[in-house]
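Bear in mind these aren't lab numbers, they're just calculated from the coordinates by the rules spelled out. Just so it is clear, the structure is predicted and the values come from calculations on it, not from any experiment. Counting neighbours? That spans all protein chains shown, and the Cβs are built from the backbone with ideal geometry, glycine included.
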Amino acid sequence: MPSDWNAASAEELHELRKRVVAHRYQMELVEPPWPRLTKVWIAEAQRLRERLGTHHDLGMLRALAAPHGPLARSRGKLAPLIAARQAAHVAAAARIAGRLFAEKPKAFRKRLEALMTRDQKSEIRSPKSGNAS
């Protein structure tokens, strides 16, 4: 994650978006022991992904408005609007990421491992009913 969100490059934020996508799919694997929170977590990760994706899309629009670009004539009007929208998306992304990634990775991994272990132990103690053989 960027240490200074306002100074983060478009490339840094795009790479973070790719890591958020992977994290979101990884969290789907963890859903069984903690379904309610995991669904909220996945939704928040998706919101972060969308904010970062929109920031990237706005960067592509800014490139189209660059000198000699197809939207160069509208550059004066577009540039400040794009900058304002990008700043809003970066601020929102920073808030969401702060909630999702508040824990250090090692502590988060340990918590997930504990949940998975607890869930596996409870399955062993109370097997699901089924056909008796």
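Couple of notes before you dig in:
- Residue check, Glu31 surrounded by 14 or more Cβ atoms within 10 Å (Cβ to Cβ), on the phi < 0 side of the Ramachandran plot and part of a loop (DSSP other than H, G, I, E, B): yes
- The number of residues in the stretch 63-111 being over 18 Å from the mean Cα position of the chain (by Cα) and within 15 Å of Met27 (Cα to Cα) comes to 2.
- Looking only at the stretch 1-56, residues that are within 18 Å of Arg99 (Cα to Cα), polar (S, T, N, Q) and free of Cβ contacts under 8 Å to residues at least 40 places away in the same chain come to 4 in all.
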